[in-house]
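Please read the structure below before turning to the comments.
Values quoted throughout were computed directly from the atomic coordinates according to the rules given, and no laboratory measurement underlies them. Computed from a predicted structure; not experimentally measured. Cβ sites come from the backbone with ideal geometry, for glycine too, and all protein chains shown count toward neighbours.
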Amino acid sequence: MPEDNLYDISIIGGGPIGMFAATYAGMRSAKVQLLESLGQLGGQPQALFPEKTIYDIPGFSSISGKDLIRNLNTQLQQFNVDVYVNSPVLNIQKTEKNQFKIITNNRISYSKSIIISTGIGSFEPRRLRIANAEALENDKLFYTVNDPSIFENKSIAIAGGGDSAIDWALELNTIAKDTIVIHRRNQFRAMESNVDKLKESGSKIMTPYTIDNLSTDNSHNNLTIQLKKVRTKDTVELSVDALLVNYGFMSNNSILKSWDLDLITTKNNLIPVNSKLETNLQNVYAIGDIANYPGRIDLIAVGMGEAPMAVNNALESLYPEKIQPKHSTQLVKNIKNNENN
């Protein structure tokens, strides 16, 4: 196999815990790849509550989900990490060389060890059940936002009634020409204070409506959304530049059942690990909310501590002859020395 396709560590799951694990592996000068099923890194904080305030991150009195992920991404980019988004892992196979063949939807790679950091599972957005919706994806119809600037001075419709939909409506309202929020109920499920902000923001609110049809004009510039009022035959049409759908995400850890891992099926397919965060498979580790051991609590801070433990234990298993650095200053100093040589 090509050497550039063989990694010391492959991290599956690009949420905050996986991002920090990849950063730390980069600090250790390991050859590492980070695989994420969605089109962007960040996991739940980025996909589900970008504007929600998080209080359990050491060193921050409070920080929003999007700012946490932005900071983690800045930290990640300081090190040599191969990042692959839109890359759900379909299967993992053990090779004759005692390595792992990792098969995603778009490539095959090999790894000496694996760290699973999938949280409550790989995310897939809940999609519109409309015949032509798929053809409009990433052109006029979006489920996630990688770069909010693409909506600058545009007319944007946002469908959904939860925190994510309201968060994006508030954020895009500052750069878009106008924003329209569509929800099938009169009441929103989002945080009350943010709903109050939405009502004061100038955004147009369409409730209770569902999306019945999408179409584009001949020039493909405008998107026409046909709405149907709930429990009536009344319809209305909106003309916008783009539609962002935030109906939530579906999580799924069922793929783990095919990887020969011991699972706790009564607890959403959590993976039991020992004090070294090792699973029942040699050189396979689990960290974050997917990992299970006595006394563990589901906090980002806990997962952040598990990340360097798993990386260090993996590298110690792979390269027992190497002296392990003891602290981050030594790690970064070693990296800078290597760059200067």
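Give the relative contact order (percent, whole number) for region 195-294; include only Cα pairs under 8 Å separated by 6+ residues.
Values: 118 pairs, mean separation 13.5, N = 100.
Reported relative contact order: 14 percent.
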Relative contact order, percent, region 1-144 [alpha-carbon distance under 8 Å, six or more residues apart]
29 percent
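Under the classification rounded if a/c is under 1.5, otherwise prolate if a/b is larger than b/c and oblate if not, where does region 127-247 fall, given a ≥ b ≥ c as square roots of the Cα gyration tensor eigenvalues? Walk me through the numbers before you get to the answer.
Details: a/c = 1.65, a/b = 1.14, b/c = 1.46.
Cα axes put region 127-247 in the oblate bin.
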Residue-normalised 222 nm signal for the chain, counting each DSSP H run of n ≥ 4 as -39,500 (n - 2.57), nearest 500 deg cm²/dmol, is -7500 deg cm²/dmol
Packing-wise, with mean Cβ within 10 Å as the measure, how do 279-285, 154-160, 312-318 rank, highest first?
154-160, 279-285, 312-318
Rounded to two decimals, what is the ratio between the C-alpha radius of gyration of region 95-177 and 2.2 N^0.38 Å?
1.58
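Taking K and R as +1 and D and E as -1, what net charge do the other residues with C-beta under 14 Å from the C-beta of residue 287 add up to? Display every interim value, and only then the final one.
Working: positive: 276, 296; negative: 278, 289, 298, 306.
In short, -2.
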Of the cross-linked pairs 140/228; 199/229; 197/228; 177/229; 101/257, which ones have a Cα-Cα span greater than 22 Å in the structure shown?
197/228; 177/229
Dmax and Rg, reported as Rg then Dmax, of the chain (C-alpha, Å):
22.2, 73
Percent RCO, i.e. relative contact order, over region 127-247, from Cα pairs under 8 Å lying at least 6 residues apart
32 percent
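What does the charge add up to near residue 216, with Lys and Arg as +1, Asp and Glu as -1, over the other residues with Cβ less than 10 Å from its Cβ?
Working: positive: 140; negative: 139, 217.
Its environment carries a net charge of -1.
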Find how many whole Å separate the alpha carbon centroid of region 274-319 from the alpha carbon centroid of region 186-244.
44 Å
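Using DSSP to call loops (not H, G, I, E or B), can you name the trypsin sites (Lys or Arg not before Pro) in region 205-259 whose Cβ has at most 14 other Cβ atoms within 10 angstrom? Before the final figure, lay out each step's value.
Working: sites: 228, 229, 231, 233, 257; in loops: 231, 233.
The qualifying sites are 231, 233.
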Amide H contacts of residue 159 (H built 1.01 Å from N, under 5 Å, at least 5 apart or other chain)
182, 244, 245, 246
